[in-house]
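Trainee: Can you read through this structure? Questions will come right after.
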């Protein structure tokens, strides 16, 4: 029988890992992921996770040992964030083209400098083009469930890509909620046989050269390279359907339903909407509810799957509204806006739906995005709906005054 | 019809060396080895020792059947080639059989010639070239009390010694003024002759035979000098010639032997020749001639085999050099190069030690500070090293005095420094 | 495949002409010490004083054997010895005319020819020599032991002429066998096509490119999984000095500390040869590279090389060794130990890998460069076994040549001035002194658990 516990997001992730029966987990601590590494280690110590625990010397090796194991046939897990992710970037960037179905939590954290150990999505957003599937969770239950689903998605023959299950540092990593832990048998049945290296193996029983030099000035090499690149893109696009299908299956197994790509909230009769990603969504929904009560025809679109970008899923949502306010928890330095906002602009071009949109950047460096902040978002978006043009992003925490009151301790 | 990738006619040293060289490179190609003998391969050089009984005729074979099998050789005994058809890549055998080949080596060696002496053909004289000859002579030697040998070349001398050891009284008749004229000079030959004489062998040098008669199992040889010699046995060892009668009409260039280039190719495509049958370049002077000695046959056979199989390590023939080693009555002699050069003029230096009382002789001939000939009787030299010094034309100008003073030591030192 | 055989090697500079080898040979073969019976002959050049040897070479393709009309000489396939059957020999002496080495000689006492018969495999001359001038070389045992095994590296790879790595890879893979996963990070080895080009591979074992930075970590992951599923698969790295001592050092250090089971071979060509000869932390002092150039101000690298192998001794390794392909037997012996050690933890072999292209010396000098490196103590050969907790020199050089004998062979040291050479000599001497402290006789033991 499923049981219910109260735990923080990091522990919820660890339970998701435990139920997925990995062969190898690798850990290296970094705030705010550290307790996740500790839970995993303790679970291995207690026999809850029956995996090799690779307590290695840095994130670079964390992902490297997992790549090796995965090529030998192992199901693997790790977690990191922030500078750890930055240090891991070299093997990280290589995992998708190797088509290794590794699952990794990013307990999102803002980037230094200024020196900062607190939440933000700058880390995950910065690596969004590396070829990993990125899914953002809204609460602890979704973390647990998404970790499990991530293996089905990653190891799907049509996908064969690594998956990041992202949850917000501080707010989810340390926030305690009620979480239902499914039965192992249910999860076993749901995940089925693992599949990590049918395509590329380091196995004397199937000797092959893995990752030979590919390319050159012309001819076969670059053509092969293009084939690999297109294959990765195709896997990514296939993932959209697989993610949706897996979420449906998981609903059948667990009884819990999540929007697989994007969630539409009170959008049916909305004139405009706000767009959120991650744990801020709860506050966003509260603000929408309050605005609705005040008579605003406002709704919310939550991005769950950011990579692959859910372009077609956005079509319906965007048709329903005439203005959007996008709240980013990170910065696209080159565009002077938030990255989600930036991607929405691209999507609107492809969908031939050109409506006013405003970029909000908030929740940096651990700052909370409160209902008050969302009220500002809604008000500002309403102004855009009525014709005002915003050529600069709105920095939500720019004028926060009282130090400590809206900060989260480390 | 039999078809071979490699057809080798002959089965002695040149043939076997070629066979080995081919098999190093080509372990698969079919090889046929053909001999007119009825036996496994052997060396004619061993035959005198068969006569004396020193060696059992069953023990002389250079390869046993198993070794030939291991090399996957089709071995045809008692098969004599009678004609060669280069255009059709085929040869005809005395049995009427035709053998096809892709590449062929002719290593048919030499055969004895009979001198144009009246009566020789009618007398039941013996020659010594085949095992059959040797076995026959051995059996006769057991009964014969005396023998006359015409010719004091290596065959005649070897046979004389071995017949003597079998208890036969021997007289040797040689038309030239000394024994072993092809290899040794007067002094060396004199020492050899001295030893033979001491062993009761009568040697008549400078003697011409006018005619031979035979009656009641006794041969009588009449000499120009007027004397007569009689014996139970007459062995003719006056000379050999290349055995190549089967080439008549083939169009292949022949002289005193089958003419070959430095990789032993004949004038005909896909046909090579090596050994006593081949007329190859001489080291000295470069003129082509037959240089019938055993080490030469080994070397030419190897070169031919390597070229037939396309071995890239092949180094062309550097030219034939007369050389031989000779062991007689417990003494040893050897010669390399042109020992007769002493008499020539210009740039020639000769270094000689002659100690007839202890049967010792050493002669070294230098031309432009290079060794061109060495011969020795009962000297402690390494003949193989001396041969290399000649063949490599090693410049001795820096060390000549030391070389002359101690050629054994200096030869070994030069070997270590240059090719060892 | 054929066989290879032991040989007797002669070191003229160690010979003092004592003739004990000659007498021992005579005694063994005749019962008397009369040199006339000896198959081994020592000559002295009266002028130069040097000694020379005439002795049967037991040739692979002997000239004496086919020149014997009696079939009395044979090359023994099992022992390699060219044997003389005296019962067949007729003393015709044609063999003495055929041999260009003075290896088969006439014995005036017995009136027979005689030649070295290897004393049933244990030559008495070698044992008799008091100065080590004669050595029984059994390097061929390597070939006999492993020669029949498949070469797991294809022919026709695109390595430079005289490439040490190719030699290393062929021997190593042949010895370690196909039940192996090979990691070779970016550098010359994958550069020659070891992992492959455009869809085809050059290696018959599983092989892959790790990153330059994570070779040891990736192998650790693979091995751990095979352990988990109960398969014993060998992990083998061929990593350059950059991927080992520079940017890959962290992952190697971590893997060693964790006792990951692998054979990690650092192919130290003292720089980034594949990218055009740039310096690494193992580039020696004074060496020219394209980033430690020689000009009016700079004179090659200004720092000494990182003592990588010694560092690994302090890293919880099960086995650490240095090696040089010139000393192949030494390498095979170490590989043997590494295979065993890698069942328990990390085995690290630091292979000195001279690079004709990057170091500027002729490809034909590869083996000599290796020899001089060892004989000058620039590259001391040693090993460390965790159990013994000390370093053993496997090829001690008692009387090292001056480093100049090594430096002068190599173009990258051409510019060195006397002061720089003196520096290298001093550091070389110091390094040996340091290493000696870790030997059985030394006063330092690299005790792992002390850390």
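No value in this document is a laboratory result; all are computed from the given coordinates. Everything quoted here is computed from the prediction, not taken from an experiment. All Cβ positions, even for glycine, are placed from backbone atoms using ideal geometry, and neighbour counts span all protein chains on display.
Trainee: If you take every DSSP beta bridge fully contained in chain C, what fraction is antiparallel? Give it as a percent rounded to 5. Each step should come with its number before you reach the end.
Mentor: Working: 27 of 52 bridges.
The antiparallel fraction comes to roughly 50 percent.
Trainee: Based on DSSP H runs of at least 4 residues, each adding -39500 (n - 2.57), what is the mean residue ellipticity at 222 nm of chain C after dividing by all its residues, to the nearest 500 deg cm²/dmol?
Mentor: On the way: 14 runs with 126 residues, N = 451.
Value at 222 nm, helices only, nearest 500: -8000 deg cm²/dmol.
Trainee: Tell me, what is the Rg over Rh of the stretch C:323-450, with Rh the Kirkwood radius over Cα pairs? Write out the running numbers ahead of the final one.
Mentor: On the way: Rg = 16.0 Å, Rh = 15.9 Å.
Ratio of gyration radius to Kirkwood radius: 1.01.
Trainee: At a threshold of 8 angstrom on Cα-Cα distance, excluding pairs fewer than six apart, so keeping six or more, what relative contact order does chain B reach in percent? Each step should come with its number before you reach the end.
Mentor: Numbers: 933 pairs, mean separation 61.8, N = 420.
Once divided by the residue count of chain B, the mean separation gives 15 percent.
Trainee: Additional query: Quickly rank A:286-293, C:110-117, B:114-121 as a protection proxy: mean count of other C-beta atoms within 10 Å, highest first.
Mentor: Numbers: A:286-293: 17.5, C:110-117: 19.0, B:114-121: 14.2.
Ranked by mean Cβ neighbours within 10 Å, highest first: C:110-117, A:286-293, B:114-121.
Trainee: Given a Förster distance of 35 Å, report the FRET efficiency between residue A:266 and residue A:234 from their Cβ-Cβ distance, rounded to the nearest 0.05. The partial results should precede the final answer.
Mentor: Working: r = 35 Å, r/R0 = 1.01.
It comes out at approximately 0.50.
Trainee: If I take all pairs of Cα atoms in the protein assembly as shown, what percentage of them are more than 42 Å from each other? Don't skip to the end; give the middle numbers.
Mentor: Working: 502944 of 819840 pairs.
The share of Cα pairs beyond 42 Å in the protein assembly as shown comes to 61 percent.
Trainee: Still on this structure: In nm, to one decimal, how far is the residue B:392 label point from the residue B:215 one, both placed 7 Å along Cα→Cβ?
Mentor: Taking the simple label geometry, residue B:392 and residue B:215 are separated by 6.3 nm.
Trainee: Using the beta-carbon distance between residue A:185 and residue C:231 and R0 = 25 Å, what value does 1/(1 + (r/R0)^6) give for FRET efficiency, to the nearest 0.05?
Mentor: 0.30
Trainee: Just from the alpha-carbon atoms, what are the Rg and Dmax of the stretch A:196-320 in angstroms?
Mentor: Reported Rg and Dmax, both Å: 21.5, 68.
Trainee: Where does helix C:366-375 land angle-wise versus the long Cα axis of chain C, in degrees 0 to 90, nearest 10?
Mentor: Between helix and principal axis, roughly 90 degrees.
Trainee: To continue, here is another question. Rg and Dmax in Å for the stretch A:250-356, alpha carbons only: what are they?
Mentor: 14.0, 43
Trainee: What is the angle, in °, between the Cα long axis of helix A:311-320 and the longest principal axis of the Cα atoms in chain A? Nearest 10 is fine, range 0 to 90.
Mentor: Roughly 20 degrees between the two axes.
Trainee: Project the alpha carbons of chain B onto their principal axes and report the range along each, largest first, in whole Å.
Mentor: Taking the Cα atoms of chain B, the three principal extents are 66, 62, 37 Å.
Trainee: Before rounding to the nearest 500, sum -39500 (n - 2.57) across all DSSP H runs of length at least 4 in chain A and divide by the residue total; then give [θ] at 222 nm in deg cm²/dmol. Mind dumping the intermediate values first?
Mentor: Numbers: 12 runs with 164 residues, N = 410.
After summing the helix terms and dividing by the residues of chain A, the value is -13000 deg cm²/dmol.
Trainee: Take every Cα-Cα distance within the stretch A:33-94, group them into 5 Å bins from 0 onward, and report for each bin the whole-number percent of pairs it holds.
Mentor: So the P(r) values, bin by bin, are 4, 17, 27, 26, 18, 7, 1.
Trainee: Can you give the Rg to Rh ratio for chain C, taking only C-alpha atoms and Rh from Kirkwood?
Mentor: Numbers: Rg = 25.1 Å, Rh = 24.4 Å.
Rg divided by Rh gives 1.03.
Trainee: Among C:75, C:3, rank each residue by its count of other Cβ atoms within 10 Å, from fewest to most, as a rough exposure measure. Could you put the intermediate results ahead of the total?
Mentor: Numbers: C:75 18, C:3 14.
In order of increasing Cβ crowding within 10 Å: C:3, C:75.
Trainee: With a ≥ b ≥ c taken as the square roots of the eigenvalues of the C-alpha gyration tensor of the stretch C:142-235, please select rounded if a/c is under 1.5 and otherwise prolate if a/b is larger than b/c or oblate if it is not? If you can, show how the numbers build up before the last one.
Mentor: Numbers: a/c = 2.04, a/b = 1.20, b/c = 1.70.
In terms of gyration-tensor shape, oblate.
Trainee: So, one more: For the stretch B:208-309, what is the Kirkwood estimate of the hydrodynamic radius, computed as the reciprocal of the mean inverse distance between distinct Cα atoms, to one decimal in Å? Each step should come with its number before you reach the end.
Mentor: Values: mean 1/r = 0.0617 Å⁻¹.
It works out to 16.2 Å.
Trainee: Counting only other chains, and only Cβ atoms inside 10 Å, what mean value do you get across the residues of C:192-205?
Mentor: Per residue, the number of nearby Cβ atoms from other chains is 5 on average.
Trainee: Need one number: % antiparallel among DSSP beta bridges in the protein assembly as shown, to the nearest 5.
Mentor: Details: 93 of 193 bridges.
In the protein assembly as shown, DSSP labels about 50 percent of beta bridges as antiparallel.
Trainee: Rule-of-thumb check for the stretch A:1-44: C-alpha Rg over 2.2 N^0.38 Å? Spell out each step's value before the answer.
Mentor: On the way: Rg = 10.7 Å, N = 44, 2.2 N^0.38 = 9.3 Å.
Rounded to two decimals, the normalised Rg is 1.15.
Trainee: Rounded to the nearest 0.05, what FRET efficiency is calculated for residue B:404 and residue B:80 with R0 set to 56 Å and r the Cβ-Cβ distance? Let's see the in-between values first.
Mentor: Working: r = 51 Å, r/R0 = 0.91.
Once the sixth-power term is evaluated, E becomes 0.65.
Trainee: Limiting things to C-alpha atoms, what are the Rg and the maximum Cα-Cα separation (Dmax) for chain A, in angstroms?
Mentor: Spelled out, the Cα radius of gyration and Dmax of chain A are 21.0, 68 Å.
Trainee: Need one value for A:192-205: mean number of C-beta atoms belonging to other chains within 10 Å of its residues' C-beta atoms.
Mentor: Working: counts 0, 0, 0, 0, 1, 1, 0, 0, 1, 3, 16, 6, 12, 4.
Counting Cβ atoms of other protein chains within 10 Å of each residue's Cβ and averaging gives 3.
Trainee: How high is the relative contact order of the stretch B:332-420, in percent, counting Cα pairs under 8 Å that sit 6 or more residues apart? Intermediate values should be presented prior to the final figure.
Mentor: On the way: 139 pairs, mean separation 22.7, N = 89.
With pairs under 8 Å counted, the relative contact order is 25 percent.
Trainee: Along each of the three principal axes of the Cα atoms of the stretch B:119-235, give the extent in whole Å, ordering the values from largest to smallest.
Mentor: Here the Cα extents, ordered largest to smallest, are 39, 30, 24 Å.
Trainee: Next question. Going by alpha carbons, how many degrees (0 to 90, nearest 10) lie between the helix axis of A:9-19 and the longest principal axis of chain A?
Mentor: It works out to around 30 degrees.
Trainee: Rounded to the nearest 500 deg cm²/dmol, what is the calculated helix-only ellipticity per residue at 222 nm for chain B, with -39500 (n - 2.57) per DSSP H run of length n ≥ 4? Working shown, then result.
Mentor: On the way: 10 runs with 106 residues, N = 420.
Roughly -7500 deg cm²/dmol at 222 nm, from the helical runs in chain B.
Trainee: Also, I was wondering about something else. Would you work out if the stretch B:286-384 is rounded, prolate or oblate? Take a ≥ b ≥ c from the square roots of the eigenvalues of the alpha-carbon gyration tensor; rounded if a/c is under 1.5, else prolate when a/b is larger than b/c, oblate otherwise. The partial results should precede the final answer.
Mentor: Details: a/c = 2.87, a/b = 1.63, b/c = 1.76.
Because a/c hits 1.5 or more and a/b fails to exceed b/c, the stretch B:286-384 counts as oblate.
Trainee: Could you give log10 I(q)/I(0) at q = 0.11, 0.15, 0.25 Å⁻¹ for the stretch B:338-418, computed by the Debye formula over C-alpha point scatterers of equal weight, without solvent?
Mentor: Once normalised to I(0) and log-transformed, intensities are -0.26, -0.49, -1.33.
Trainee: In addition: Taking neighbour counts of Cβ atoms within 10 Å as a proxy for exposure, in what order, fewest first, do C:280, B:17 appear? Write down the numbers at each step before the final one.
Mentor: Values: C:280 24, B:17 27.
By the 10 Å Cβ count, ascending: C:280, B:17.
Trainee: Within 10 Å of each Cβ in A:218-225, how many Cβ atoms from other chains are there, averaged over the peptide?
Mentor: Values: counts 0, 1, 4, 3, 1, 1, 3, 1.
Across A:218-225, the average partner-chain Cβ count within 10 Å equals 2.
Trainee: Based on the mean of other Cβ atoms within 10 Å per residue, sort peptides A:99-110, B:199-210, A:200-211, C:57-68 so the most packed one is first.
Mentor: Details: A:99-110: 28.1, B:199-210: 16.6, A:200-211: 19.4, C:57-68: 21.0.
Final packing ranking: A:99-110, C:57-68, A:200-211, B:199-210.
Trainee: Now, a different point. With contacts defined as alpha carbon pairs under 8 Å and 6 or more residues apart, what's the relative contact order of chain C in percent?
Mentor: 10
Trainee: Would you mind ranking B:323, C:426 by Cβ crowding within 10 Å, fewest neighbours first? Let's see the in-between values first.
Mentor: On the way: B:323 27, C:426 11.
Ascending Cβ contact count within 10 Å gives the list C:426, B:323.
Trainee: How do the peptides A:187-193, A:60-66, C:195-201 rank, highest first, by the average count of neighbouring beta carbon atoms within 10 Å per residue?
Mentor: Numbers: A:187-193: 13.7, A:60-66: 31.7, C:195-201: 18.4.
In descending order of packing, they fall as A:60-66, C:195-201, A:187-193.
Trainee: Quick one: pull the percentage of alpha-carbon pairs in the stretch C:7-142 with a separation above 23 Å.
Mentor: Working: 2961 of 9180 pairs.
Percentage above 23 Å: 32.
Trainee: Let me see the pair-distance distribution of the stretch B:168-208: every alpha carbon pair, 5 Å bin width, integer percents in order.
Mentor: Percent of Cα pairs in each bin: 6, 26, 31, 25, 10, 1.
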